[in-house]
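> There's a structure below that I have some questions on.
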Amino acid sequence: MPRDATPAVPLKETCRVAAGCEISLWEYHARRLRAGGCGDDAIRAAETAISGALAAYDGPMTSRVRLTLVVGTDGLPDVAIERRLSSLDVIDGVRAVPVIVDEEPQLPVGAAKPADRSFWDAAHREARAAGGEQAIIARPGGYIIDGSTASVFCRLGTVLATPPSPSAIAGVARRWILDNCSSVGYSALAAPISLDDLDIADEVFFANAFGGIREMQGRGGEACIALSEAMRDVWERKPHVRV
């Protein structure tokens, strides 16, 4: 990719600010930006903007400080930091509602996360109106596309499965799980899964790079706990990258 390449559509990264004002999963965010069309110049500009925003942040360092980065089609970054809860911060597990859609989402190259979240936002609003906290977006035949704000995983035995990307966004937490689940005794793959598969799975959970990993209500288990603890270690004690 040319050093000065820029994305064809604006891209968005939602990052958790870890202890010490670090973006512990930055290498994963940067990898997705590169897959979405960002060259070295755009990545370097993003890192500079992030460093400046973190240095200027004077709020309390709670466990829920979110940095949002948008890289425009000109390669220029826009960064904002705020304290807020995640969509996965709910009591007693995430209440999930299936939302059936007729059309596939329009993703940037590399299944990067688009700044235009209207497809996922509409599904999320529908789930919230039905009393849920997360939509499981599915095709009319029942095969799952994505979660509305988080990647969907199910476990059968020691195998974790998540829908392929595309059509799912290539989530940062999703990629982290695929890369690191073997360290806690599991294997993982991207494969078509259906709403019926969730019914027979040993457990079902959601993951994103801000809220972490959280079980579907009533469907938690050992994998969700182990991976959640491992990701917490990354945020609290073992940062991958300091920008």
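The values are calculated or read from the model by the stated rules, or taken from the named source; none is laboratory data. Here the structure is a predicted model, which means the values were calculated and not measured. Note that each Cβ is placed from the backbone with ideal geometry, even for glycine, and that neighbours are counted across all protein chains shown.
> I want to confirm something. Restricting to segment 89-103 and keeping residues that are in a strand (DSSP E or B) and β-branched (Val, Ile, Thr), which single residue is nearest to residue 62 (Cα to Cα)?
Among residues in segment 89-103 that are in a strand (DSSP E or B) and β-branched (Val, Ile, Thr), the one nearest to residue 62 (Cα to Cα) is 94.
> Here is a further query. Starting from residues that are in a loop (DSSP other than H, G, I, E, B) and among the small types (Gly, Ala, Ser), keep the ones in segment 3-38 and report whichever is farthest from residue 120 (Cα to Cα).
By that ranking, first place goes to 20.
> Identify the residue in segment 47-81 that is polar (S, T, N, Q) and in a loop (DSSP other than H, G, I, E, B) and, among all such residues, is surrounded by the most Cβ atoms within 10 Å (Cβ to Cβ).
63
> List every residue pair whose Cβ atoms lie under 8 Å apart, where the two residues are 6 or more positions apart in sequence or sit on different chains, the first residue falls within segment 104-121 and is outside any loop (DSSP other than H, G, I, E, B), and the second residue, located anywhere, is modelled with pLDDT under 95.
114/106; 119/106
> Do you know which residues across segment 89-100 are among the hydrophobic types (A, V, I, L, M, F, W, C) and at pLDDT below 95?
Selection gives 90, 91.
> If you go through segment 122-135, how many residues are without any contact (Cβ under 8 Å) to a residue 12 or more places away in the chain and in contact with a strand residue (DSSP E or B) (Cβ under 7 Å, 6 or more places away or on another chain)?
Number satisfying all stated conditions: 0.
> How many residues does segment 136-169 hold that are surrounded by 23 or more Cβ atoms within 10 Å (Cβ to Cβ), more than 14 Å from the chain's Cα centre (by Cα) and without any contact (Cβ under 8 Å) to a residue 40 or more places away in the chain?
Counting residues in segment 136-169 that are surrounded by 23 or more Cβ atoms within 10 Å (Cβ to Cβ), more than 14 Å from the chain's Cα centre (by Cα) and without any contact (Cβ under 8 Å) to a residue 40 or more places away in the chain gives 1.
> Now for a different question. Any residue in segment 68-80 that is out of contact with any strand residue (DSSP E or B) (no Cβ under 9 Å at 6 or more places or on another chain), of a type outside the set (Asp, Glu) and either under 30 Å from residue 204 (Cα atoms) or in the same structural domain as residue 221 (by TED's automatic domain parsing) (or both)?
Within segment 68-80, none of the residues are out of contact with any strand residue (DSSP E or B) (no Cβ under 9 Å at 6 or more places or on another chain), of a type outside the set (Asp, Glu) and either under 30 Å from residue 204 (Cα atoms) or in the same structural domain as residue 221 (by TED's automatic domain parsing) (or both).
> In segment 31-60, what count of residues is obtained for those that are more than 14 Å from residue 15 (Cα to Cα) and not polar (S, T, N, Q)?
Count: 19.
> Do we find that residue 145 is in the same structural domain as residue 205 (by TED's automatic domain parsing), at pLDDT 95 or above and in contact with an Asp or Glu (Cβ under 6 Å, 6 or more places away or on another chain) in this structure?
When the stated conditions are applied, residue 145 does not pass them.
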